[in-house]
């Protein structure tokens, strides 16, 4: 990696990948001499803002969003690479009893017995929740006791005492102090969220952006992804 000071890099990303980027980027900045600026928003808003004309050097977003932006000619197809895989989990207030979510039936019972369940509206996991409880046949019982926010880390609703448990990607639950992550929801009803990274066609820092993507793909970073509640995905 070059140690010659060079152009700064702007990375547009969403809340689910922020924790691992916060862990990864300081080392890259020290070694490269570059400064990284993160532009953060919900997954849905990030995509909309880029579609409306906002730009950067690198995007780290849901794979489907990156694919859409490549198809639109906003991100370069040749630079597109896998970044991470995230799964959905449940969390409760630190020290509170952890409910059983180990099987689909246990998960259903936990939702039915819960006083309140928090999820986002615009986040990928939050958007998945209404369809999931419909599939499980418990919408009528669970929907009235859901607590929602447009986006962000929904775990703060639990730490504020406004909900008993939170439903979100594990990487986002881990980012909230004061929570205990119960675990992932059962595999039969799990939904994986794969993110990708790519370079903006209009980036004036193409070489620096490529350097950053190469750094993301280092196998030595696998433990950092795990610590952030993610699985690192490597280019084929």
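Brief remarks on what is shown
- q = 0.12 Å⁻¹: log10 I(q)/I(0) that the Debye formula gives for the chain, counting C-alpha atoms only: -0.68
- Our helix-only sum for the chain, with -39,500 (n - 2.57) per DSSP H run of n ≥ 4 divided by its residues, gives a mean residue ellipticity at 222 nm of -10000 deg cm²/dmol.
- With Cα atoms, 0 to 90° folded angle of helix 18-32 axis to the chain main axis: 20
- Relative contact order, whole percent, for the range 1-133 stands at 22, derived from Cα pairs under 8 Å and 6 or more residues apart.
- Debye intensity ratio I(q)/I(0), log10, the range 88-189, q values 0.14, 0.19, 0.20 Å⁻¹ (C-alpha model): -0.43, -0.84, -0.95
- DSSP-defined beta bridges in the chain - what % are antiparallel, rounded to 5: 60
- Springs join every pair of Cα atoms under 10 Å in this Gaussian network model of the chain, and among 86, 52, 116 the largest mean-square fluctuation is at 52.
- Relative contact order for the range 88-189, counting Cα pairs under 8 Å that sit 6 or more residues apart, in percent: 47
- 0 to 90° range, to nearest 10: angle between helix 104-113 axis and the chain longest Cα axis: 70
- When both bridge partners sit in the range 88-189, DSSP labels roughly 60% of those beta bridges antiparallel.
- With neighbour counts taken as other beta-carbon atoms within 10 Å, the residues 12, 210 rank, fewest first, as 210, 12.
- Most fluctuating residue given options 200, 107, 216, as computed from a GNM of the chain linking Cα atoms under 10 Å: 107
- Top of 214, 27, 188 by mean-square fluctuation, Gaussian network on the chain, Cα under 10 Å: 188
Read-outs throughout are calculated quantities, based only on the coordinates presented, and are distinct from any laboratory measurement. The shown structure was predicted, so the numbers you read here are calculated from the model rather than taken from an experiment. Cβ: placed from backbone, ideal geometry, glycine included. Neighbour counts: every protein chain shown.
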